[in-house]
Amino acid sequence: MIDKVLSLLLLEDSPDDAKIIERELRKGTVPFRLTVVDSERNFRTALEKAEIDLVLSDYNLPGFSGFAALAICRQQCPDVPFIFVSGVLGEEQAIETLKQGATDYVLKTGLSRLVPAIERAMIEVDVLNEKRRAEQLLIEREKKYRTLVTEINDGVFIVDNDGVLLYANESLSSMFGYDSPDEMIGMHYSNLMHPEDVGNASALSYRFQKEGFLPERLEIRGVQRDGGMCYVEVKPVVIRNGGTVGGARGVIRDMTERRLAEETIRSQKNELELSNKVLNTAFKELESSSEELMRRNEELVAAQNALIEKNAQIQADEQRLKEAQELGRMGSWEFDVESGGIIWSEQVFKLYERDMALGPPTVEEEQSYYTPEDAATLREYAGLAIQNRAEYSHDFQVFLPGGKRKWFTATITPVNDAAGTVRKLKGVVHDITDRKIAERRQALAVAILNTLNELKEKRETMREIILMLKRHIGVEAVGLRLHEDHDYPYFETNGFPDDFIEQERFLCARDESGSAVLDAGGSPVLECMCGVVISGGSDPSKPFFTPGGSFWTNSMDGIMTHTNEDGRLSRLRSRCKDEGYESVALVPLRSKTRIIGLLQFNDRRKNQFTPDLISFLEGIGASIGIALDRYEAEEHIKRALEEKEVMLKEIHHRVKNNLQLVSSMLGLQARYIRDARDVELFNDSCNRIRSMALIHEKLYMSEDLSRIDFSEFINALTDELARSYNIVSGRYKVSIDVRNIFLNINKAIPVGLIINELLSNAMKHAFPDDKSGTIFVELKKEDDSYLLTVSDDGIGLPEDFQFPGTTTLGLTLVDTFVKQLNGGIDIVRDSGLTYIIRFAG
């Protein structure tokens, strides 16, 4: 069953066919998100930008083909399933598509096959991914094995048929006093043995070379690099390549301390025996030497006390070993190959939470603790250990009574008899549950944080996170409540029955009219345990609550009983209890000191939560709360900016209208003026006002309120001035060279007025007596400044004209505006008149 939302890409040029295919998909139970494209470019873009789980493609498309799409998909996404959906696919063409790498094909006349084909394709993808994970696990296990061999306290060795050392680990070199294993490689094993033991070893070596026989274990005296002696226990294993002996490998354990202790005990035993002899002699001489008898008796007591102390030391060592296994959550086991009997250490019983009075389980009973896959793997490794006489290890899940799960890792080591036959299997079981849980929680936290960092659409993101949490924890239902008006309704859920959601959607108490009930402070009166958590009423000194403000229980019987005794939770609803939920957890979503909602986890099974799981979920809840708070703040800023933009446009629009009104009023006033000079002054003022109005018009019509496209502005201004001065079309032309120049309003108004004055002067004075010519306007950016040039090829200025110093209003305004821009102006009188103005960018 597919339990994730599939991202499907459909390549189809017919919208009707695409709708039919989508409708067919919705008939199935597969959750999906469909993207439809109809061209090669859109197909490539979709593959690059989205994580596609499966591709559906028509066979024939205009200017493109299903085969070409298949080739592109196999190049960009080689593992994504590709299914042809076509109405014209013949048998030979269908076979060819499969040869080219297609996963399947479905005829449009048989779309009922589409959903099963998708499910089958996704199962194949899961199988492929599982195979890859298994390969990666094998690599990790090999690495773990190498690390174990390198770091183990016992020495590990490999020798060839002649007894030459091919491999040694750090522990072996340290045991024999060498600085590194490299110093030992190439040495003959006899160089590491006491001379008195070499003879026996040579006879054993001869039998090994002839018969491939080695004893299960042997003890020898080793010679260290500095000449010192050590006692070691060797457990060798023959290396066989087919039927040929290829050398030997094994483990060497330093037994020096134990041998010294044994020799001490042996010496003490001899002393005890000697004391007994002395005692017998003392009894014979009792009459003649009573004082000597007392002295000997004291020596005997002292020897006995020493022996007792030594035995106590040995027992203490065994107790420390037991405590070390308990601390490390490890235990040992043995399996008799012939009888099938199993022996567990006390710690293994504790790990499996099994009563020791029941004894170890049978092989069949033990298999019931594991998944079918893990049980099969353990059986396989046991067989391989016997067959290959090699050690194997495996990580697996253990399912205990009451629904509890653990993770163990176990080693399987063969034990040979003197003839080299495997008689037993033994090994160590290690509880790695905490490590596995930490790894899975870390992966989940990283996935959720990555999803929150990319939060764009709130509902889709929360739906995805809820699904992640549900899969990780393994509970039946997960819900998310968020603040809305005076309540905290469900924002997103997964797994709750529809009638449960409908009845529990809101938390705020309602009056007879259905309105929300508020307390004296104006806050909503929230019901149910959800309301207690959201309102911050959690009391960690009480049962079921945590210091982080969460509520959780593994049995609703407990919480209902406590509520009845306490009376504190008077507004508690019983809907979760009535629905049959036993395990319930409510985790607040925090942003700084505020609670903005909560996560709810429900399951009909008991004992689904632990304190460390709740603590982990509180951290997740804080991350979600902060992310949602940030999202709402960003959305608020976006709305505020949009409102500000609308307001600025309205301001510019009104300023433009008011300036046009002033210009119109001046125009009306000018009709009553008889003096031509005064009329001209009025018209100039109108032109200046229209120039500023034009700037505000361009601003409120622009997508960017902070700057104006000056190319459009100058063209519009030229047309306005031409109409104002009744310029006959064709008398002269205006050449404008302004490209990609954008100015903000602080520069746009003075620059616009400068251009207005200089263009007005040129239109009025440069071409008298109906002469023709050209007016040039150029505005460009040079480094960090702008260069404005307004010129004409008309009659130019009078010879006695001086600037500055002129008394004309227009040029006085130009000079004022240039200074306002922190710029400078130059006048060139060759071949007409040119104004060159430079101002800061």
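The values are calculated or read from the model by the stated rules, or taken from the named source; none is laboratory data. In this text, all values refer to a predicted model and were calculated from it rather than measured experimentally. For neighbour counting, all protein chains shown are included, and Cβ atoms are generated from backbone atoms with ideal geometry for every residue, glycine included.
If you scan segment 828-841, which residues turn out to be outside any loop (DSSP other than H, G, I, E, B) and surrounded by 13 or more Cβ atoms within 10 Å (Cβ to Cβ)?
Across segment 828-841, the qualifying residues are 828, 833, 834, 835, 836, 837, 838, 839.
Take segment 772-831 and flag every residue that is within 20 Å of residue 713 (Cα to Cα), of a type in the set (S, T, N, Q) and under 60 Å from the mean Cα position of the chain (by Cα).
If the condition is that a residue be within 20 Å of residue 713 (Cα to Cα), of a type in the set (S, T, N, Q) and under 60 Å from the mean Cα position of the chain (by Cα), then 785, 789 are the ones that fit.
Among the numbered criteria (1) charged (D, E, K, R); (2) assigned to a helix (DSSP H, G or I); (3) at pLDDT 85 or above; (4) under 24 Å from residue 257 (Cβ atoms), which single criterion is violated by residue 219?
Only one criterion is unmet by residue 219, namely (2).
With respect to residue 247, determine if the residue is more than 53 Å from the chain's Cα centre (by Cα) and either in the same structural domain as residue 192 (by TED's automatic domain parsing) or at positive phi (or both).
No, not satisfied.
Out of the residues in segment 252-284 meeting the condition of being surrounded by 15 or more Cβ atoms within 10 Å (Cβ to Cβ) and of a type in the set (Asp, Glu), tell me which one is modelled with the highest pLDDT.
Here the answer is 254.
Report every pair of residues separated by at least 6 positions or lying on different chains whose Cβ atoms are under 7 Å apart, first residue within segment 614-636 and closer than 16 Å to residue 437 by Cβ, second assigned to a helix (DSSP H, G or I) and aliphatic (A, V, I, L, M).
If the second residue must be assigned to a helix (DSSP H, G or I) and aliphatic (A, V, I, L, M), the pairs left are 620/445; 620/448.
Can you find a residue that is touching a Lys or Arg at 6+ places or on another chain (Cβ under 8 Å), over 30 Å from residue 247 (Cβ atoms), surrounded by 18 or more Cβ atoms within 10 Å (Cβ to Cβ) and modelled with pLDDT of 85 or more anywhere in segment 98-112?
Checked against the condition, which is being touching a Lys or Arg at 6+ places or on another chain (Cβ under 8 Å), over 30 Å from residue 247 (Cβ atoms), surrounded by 18 or more Cβ atoms within 10 Å (Cβ to Cβ) and modelled with pLDDT of 85 or more, segment 98-112 yields at least one hit.
So residue 735 clears everything in (1) at pLDDT 80 or above; (2) under 22 Å from residue 786 (Cα atoms); (3) touching a helix residue (DSSP H, G or I) at 6+ places or on another chain (Cβ under 9 Å) except one condition, right? Which one?
(3)
Within segment 762-772, is even one residue closer than 13 Å to residue 821 by Cβ and not small (Gly, Ala, Ser)?
no
Which one is surrounded by the fewest Cβ atoms within 10 Å (Cβ to Cβ), of the residues in segment 55-79 that are without any contact (Cβ under 8 Å) to a residue 40 or more places away in the chain and of a type in the set (S, T, N, Q)?
75
What is the residue count in segment 820-839 for residues that are of a type in the set (A, V, I, L, M, F, W, C) and free of Cβ contacts under 8 Å to residues at least 60 places away in the same chain?
Qualifying residue count, segment 820-839: 4.
Return the residue satisfying two criteria in turn: it lies in segment 600-622 and is crowded, with 18+ Cβ neighbours inside 10 Å and under 18 Å from residue 455 (Cα atoms), and of such residues it is modelled with the highest pLDDT.
The selected residue is 620.
Quick one: is residue 406 more than 30 Å from residue 211 (Cα to Cα), part of a strand (DSSP E or B) and modelled with pLDDT under 90?
Here the answer is yes, as residue 406 does meet what is asked.
Would you please list the contacts, defined by Cβ atoms under 8 Å and residues six or more apart or on different chains, that run from a residue in segment 711-724 that is in the same structural domain as residue 790 (by TED's automatic domain parsing) and surrounded by 16 or more Cβ atoms within 10 Å (Cβ to Cβ) to a residue that is of a type outside the set (Val, Ile, Thr) and outside any helix (DSSP H, G or I)?
711/739; 711/740; 714/779
For residue 102, all conditions in the list (1) under 30 Å from residue 31 (Cα atoms); (2) in a helix (DSSP H, G or I) hold save one; what is the number of the exception?
Residue 102 satisfies every listed condition except (2).
Within segment 425-435, can one find any residue that is among the basic types (Lys, Arg), free of Cβ contacts under 8 Å to residues at least 60 places away in the same chain, out of contact with any Cys (no Cβ under 8 Å at 6 or more places or on another chain) and more than 30 Å from residue 383 (Cα to Cα)?
Taking every residue of segment 425-435 in turn, none turns out to be among the basic types (Lys, Arg), free of Cβ contacts under 8 Å to residues at least 60 places away in the same chain, out of contact with any Cys (no Cβ under 8 Å at 6 or more places or on another chain) and more than 30 Å from residue 383 (Cα to Cα).
Residues of segment 7-25 being closer than 17 Å to residue 122 by Cβ and either surrounded by fewer than 17 Cβ atoms within 10 Å (Cβ to Cβ) or in contact with a His (Cβ under 8 Å, 6 or more places away or on another chain) (or both), which ones?
Answer for segment 7-25, where residues must be closer than 17 Å to residue 122 by Cβ and either surrounded by fewer than 17 Cβ atoms within 10 Å (Cβ to Cβ) or in contact with a His (Cβ under 8 Å, 6 or more places away or on another chain) (or both): just 7.
Mind listing whichever residues of segment 489-525 are within 16 Å of residue 576 (Cβ to Cβ), among the aromatic types (Phe, Trp, Tyr) and out of contact with any Asp or Glu (no Cβ under 6 Å at 6 or more places or on another chain)?
Result: 490, 496.
Select, from 481, 441, the only residue that is assigned by TED's automatic domain parsing to the domain that holds residue 502 and basic (Lys, Arg).
481
Is it true that some residue in segment 443-455 is closer than 15 Å to residue 620 by Cα, surrounded by 12 or more Cβ atoms within 10 Å (Cβ to Cβ) and of a type in the set (Ser, Thr, Tyr)?
For segment 443-455, residues closer than 15 Å to residue 620 by Cα, surrounded by 12 or more Cβ atoms within 10 Å (Cβ to Cβ) and of a type in the set (Ser, Thr, Tyr): present.
With the structure loaded, tell me whether residue 496 is buried (at least 17 other Cβ atoms within 10 Å of the Cβ), under 30 Å from residue 3 (Cβ atoms) and modelled with pLDDT of 90 or more or whether it fails that test.
yes
Find all pairs meeting these conditions: Cβ atoms under 6 angstrom apart; at least six residues apart or on different chains; first residue within segment 441-461 and assigned to a loop (DSSP other than H, G, I, E, B); second residue aliphatic (A, V, I, L, M).
Pairs that qualify, where the first residue is assigned to a loop (DSSP other than H, G, I, E, B) and the partner is aliphatic (A, V, I, L, M), are 455/627.
Take the residues of segment 379-403 that are of a type in the set (Ser, Thr, Tyr) and assigned to a strand (DSSP E or B): which is surrounded by the most Cβ atoms within 10 Å (Cβ to Cβ)?
392
Answer yes if at least one residue in segment 146-155 is closer than 15 Å to residue 252 by Cβ, modelled with pLDDT of 85 or more and surrounded by 15 or more Cβ atoms within 10 Å (Cβ to Cβ), and no otherwise.
yes
Go through segment 574-599 residue by residue and tally those that are in contact with a Phe, Trp or Tyr (Cβ under 6 Å, 6 or more places away or on another chain) and modelled with pLDDT under 90.
Adding up the residues that qualify gives 1.
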